[in-house]
Amino acid sequence: MLKIVFLVLCLIFVSRGCRVIEQRANGVTTKREDSSHLVLLEAYIVYEKNYFCSGSLISPKFVLTSAYCLFGITFVNVHVYANKLRDEFEEKRSIYRVSNSDFMLGPQFDGLQHLNDVGLIRMPDSFTAKTYIAYAQLPTTPLVVGTEIKTYGWGLLKFVDDHAASYKQELPLRILSEVECVEAYPNLNWSQGYQGRLCVKAISGTNCVSDFGSPFIVNNVVFGIQSAGQSEACDGNQPNLIQDVFYHADWIQAQIEL
């Protein structure tokens with residue numbers, strides 16, 4: 001109904017021009033070479049239906065993202081070295097189509113409980129190492145509560161880009177305690193502990209930057225992946241629920257070695 005009203009108003013005031021939807025992402029526009037491992041993912045359920053996610057190149061062969069971004073997907077278009085959200089012809093940007101036969105989902109992935117929400121995309125042989133990409137690294141130690149961490153993305157809330165940033169953004173957050181995470185997500189089953197689920201919160205304001213699959217980085221090391229609570233964090237200043245990459249590191253390494 002609101003869309004119809006908007007279109008009618010546009011027609012009425014066509015001579016004045018229609019109001020452009022305002023950017024909602026609230027981070028700082030970062031240089032293109034910063035977080036050069038960040039990729040934009042167009043995930044296609046069918047050719048006519050797709051949504052956006054993010055991921056990180058952890059080598060010339062693999063992208064690390066959320067399993068949620070790959071579950072039920074036919075193929076993805078991986079936009080490498082993307083900076084401007086809507087510029088497919090951006091200099092040095094390259095796009096690779098990958099079918100679901102080259103997806104790997106976390107073992108016993110549970111989207112409802114956000115367990116094992118990690119996924120890998122095997123890049124095609126046509127993609128080779130790029131000198132302008134600093135590939136993200138996997139953690140060798142766990143995160144400490146209170147650690148400051150940065151996330152990167154365009155602010156693709158609820159798989160739509162109506163309020164996304166035109167250029168990729170960065171935003172600092174901090175790691176919360178397990179108690180704070182349980183309090184923020186009481187409906188999840190915590191009977192067996194955190195099981196690789198962590199919570200982060202923007203140091204000031206809200207997080208309208210991360211996309212599903214967005215990395216949470218310290219010194220080019222991917223410690224976390226956006227899993228849930230993205231829109232709640234933006235709308236209600238709730239913590240983001242992320243996946244602890246260190247918790248899943250053994251599985252990730254095993255898939256890479258295969």
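Values quoted throughout were computed directly from the atomic coordinates according to the rules given, and no laboratory measurement underlies them. Computed from a predicted model, the values in this text were never measured in an experiment. All Cβ positions, even for glycine, are placed from backbone atoms using ideal geometry, and neighbour counts span all protein chains on display.
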Under 15 Å, Cβ to Cβ, from I217 - net charge with Lys/Arg +1 and Asp/Glu -1 | -2
When the Debye formula is applied to the Cα atoms of the stretch 148-247, each taken as the same point scatterer, what base-10 log of I(q)/I(0) results at q = 0.13 Å⁻¹?
-> -0.40
³J(HN,Hα) across the stretch 55-67 via Karplus (A = 6.51, B = -1.76, C = 1.60, θ = phi - 60°), whole Hz, x for Gly/Pro?
-> x, 10, 6, 9, 5, x, 10, 9, 10, 9, 8, 8, 4
Most mobile of H114, H79, H163 in a GNM of the chain (Cα contacts under 10 Å) | H163
Once amide H atoms are built 1.01 Å from N in the peptide plane, which residues 5 or more positions from C199, or in another chain, come under 5 Å H to H?
-> L176, I242
Would you list which aspartates and glutamates come within 17 Å of K84, measuring only between C-alpha atoms, while excluding same-chain residues fewer than 8 positions from it?
-> E22, E33, D34, E42, D161, D162, E170, D211
Across the stretch 115-123, in residue order, what do the Karplus-derived ³J(HN,Hα) couplings come to in whole Hz, using 6.51 cos²θ - 1.76 cosθ + 1.60 with θ = phi - 60° and x for Gly and Pro?
-> 9, 6, 7, 10, x, 10, 10, 7, 6
Among residues other than E170 whose Cβ falls under 11 Å from its Cβ, what is the net charge (Lys/Arg +1, Asp/Glu -1)?
-> +2
From the C-alpha gyration tensor of the chain, square roots of 5λ in Å | 28, 23, 18
Pop out the ³J(HN,Hα) list for the stretch 37-51 in order, Karplus 6.51 cos²θ - 1.76 cosθ + 1.60 with θ = phi - 60°, rounded to Hz; leave Gly and Pro as x.
-> 6, 5, 10, 9, 10, 9, 9, 10, 6, 9, 4, 8, 9, 8, 9
